[in-house]
Structure formats: structure tokens, C-alpha cells
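What follows draws every value from the coordinates through simple rules; no lab data is involved. All values reported here derive from a predicted model rather than from experimental measurement. Cβ: placed from backbone, ideal geometry, glycine included. Neighbour counts: every protein chain shown.
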């Protein structure tokens, strides 16, 4: 059983998985750390405008290049021996470089993994041989593009005492209308819902868009991430600060809680 569980976790690393929104890294130098696949990663908005992802590990001794979960840096500096990288991952400074015989900076940049955006969402995969995100998603890519104008009204995370696959099935059975229509990789479950393997489910609850992602903590525990979406605001008040929106979300939360309990 433990071996099967480790294979499942590796499948997460090899798949395109949802890792955030472009608003999470609004400008050059903004970054956040990410460890939902149990590997320390770094997602950042590079100074060249690209959103990139790297292993949060210095190429000298493997220490983290950032230790704060979220911030803004023009350079990434390991605290161990102060090896410094720019936001494209290039090694730009090595104190006492003369002590490192035959050091080639070009070969010692941060190890980058694939990161792509679609519809305002950031997806990553550690599988460098993976097809592009749009190729992997097939027809579902068009549905994600429709999310570009949506705003995040609320995010929350819950730990649920159940296997992640059972959690995924429970959510699908209760919130997703189903049919036999499928795309290359993502699965259309009905007019207003779709799934992206291994763990993303987009549904409509009480006329509102909700995204679930399920992450295995162990064989019997799931981290459930819930993202509540709202259409563009007609006022200057964001959905996160709009009391009417939050009241509607509160109703959805009660519905979800009844399902997952």
C-alpha cells in the first residue's frame, strides 16, 4: 500500500497541476514557495516578465534560496554561502569564487521545472518531457481561458480524514453533472463542470464557480483546497471585501461542509 501511495504522489509531480494564479506574483521579483507535491519549489515572476518555477535549492549545498513563504526579491541568495541567482535562475555571484576550481556558472543555475499559464492560472510539472499545457488539456484549455476575467472571492484549505481519491469521487458525485464527453486529457463532466487529472475539479455550486484541488497528505488524509470565483466586479469593491458576495460564499461553504463531513 505504501509503495502504491508513493507512486500516486509521483504521478502528481509528473502531471500538470494547478499551483496558483498570476495575481499571486503580480510584478517582477514577486515569488511564493510551493510544496504540495512534497518537493520544495519556488514560483516567481522573473524580471524578464516570465513566470518561472525552480526547485528551492541552491546548487552548492542544497540549502533554500528563499526561506520566506512569500515576498519580492530582485535576486535569490542562499544564506549558507551566499551564492546568488537572478530571477531567471542564472548564477550571478559566488563569494570567494576562486576557491571553487573549474566552477562554470552556466552549469550551476537553479534547476527549473515547467511552468505555464492559461486563463490566469499557473500550472507546473516536474516532468520536463511533458507536452505543453494546452496540448495536455485538449478541449479543456478553452474552458480555462474563460476564467481570465474571473476574480478570486475566497480561498480556503481543509484537512479531511479520507483518501484523496475518495474525496475526489465524493466531490464529483455531489457537485459535477456528468456525461461521456471527454477531451485529450481533461474531462468535461457537463456544461458547467470539468476535471483535470490528477486532482482538479471545476464545478458550479449555487450558480457560482468553484475549483477544488485534492492533495494527498498520507493514505488517509487529504488537503482540500477550495477556490471560490466571482465575475468581474462592477464596483471598486473586490469580491473578497464585498459583504454580499461573502454571504453567498458562506452558503456554499455550508453545502460543501455537509458533503465532506
Worksheet item: Going by how many other Cβ atoms sit within 10 Å of their own, how do 117, 37 line up, fewest first?
Response: 117, 37
Item to complete: Would you mind telling me which residue in 164, 83, 215 has the biggest mean-square fluctuation in a Gaussian network model of the chain, where springs connect alpha carbons within a distance under 10 angstrom?
Response: 83
Discussion item. Report the Cα centroid-to-centroid distance between region 103-159 and region 17-31 in angstrom, as an integer.
Written reply: 10 Å
Worksheet item: Which one of 230, 195, 115 has the biggest mean-square fluctuation once the chain is modelled by GNM with Cα springs under 10 Å?
Response: 230
Worksheet item: So if R0 is 35 Å, what FRET efficiency would residue 240 and residue 165 give, r being the distance between their Cβ atoms, rounded to the nearest 0.05?
Response: 0.65
Fill in: Net lengthening on full extension, residue 22/residue 220 (0.36 nm per residue, minus Cα-Cα)
68.1 nm
Item to complete: Specify the angular offset, from 0 to 90 degrees and rounded to the nearest 10, of the alpha carbon long axis of helix 2-14 from the longest principal axis of the alpha carbons in the chain.
Response: 80 degrees
Fill in: Average Cα contact separation per residue, the chain, under 8 Å, 6 or more apart, as relative contact order %
16 percent
Worksheet entry | Principal-axis tilt of helix 164-175 within the chain, Cα atoms, nearest 10 degrees | 40 degrees
Discussion item. For the chain, what does the helix formula give at 222 nm: sum of -39500 (n - 2.57) over DSSP H segments with n ≥ 4, over the residue count, nearest 500 deg cm²/dmol?
Written reply: -6000 deg cm²/dmol
Worksheet entry | Gaussian network model of the chain, Cα within-10 Å springs - most flexible of 51, 237, 226 | 237
Practice prompt. Express the Stokes-Einstein translational diffusion coefficient of region 59-98 in µm² s⁻¹, to the nearest whole number, given a Kirkwood radius over alpha-carbon pairs, 10 °C and a viscosity of 1.306 mPa s.
Written response: 150 µm²/s
Worksheet item: Pulled fully out, how much extra length does the chain show between residue 255 and residue 145, if you take 0.36 nm times their separation in residues and subtract their Cα-Cα distance?
Response: 36.9 nm
Worksheet, complete the sentence: In degrees rounded to 10, the 0-90 angle between helix 243-260 Cα long axis and the longest Cα principal axis of the chain is 80 degrees
Worksheet item: Going by the alpha-carbon gyration tensor, a ≥ b ≥ c the square roots of its eigenvalues, is region 143-260 rounded (a/c under 1.5) or, if a/c is not under 1.5, prolate (a/b greater than b/c) versus oblate?
Response: oblate
Worksheet item: Over its Cα atoms, what ratio of radius of gyration to 2.2 N^0.38 Å does region 1-100 give?
Response: 1.20
Worksheet item: Computed from these coordinates, which is mean projected area of the Cα convex hull in nm²: (1) 13.2; (2) 15.8; (3) 16.8?
Response: (2)
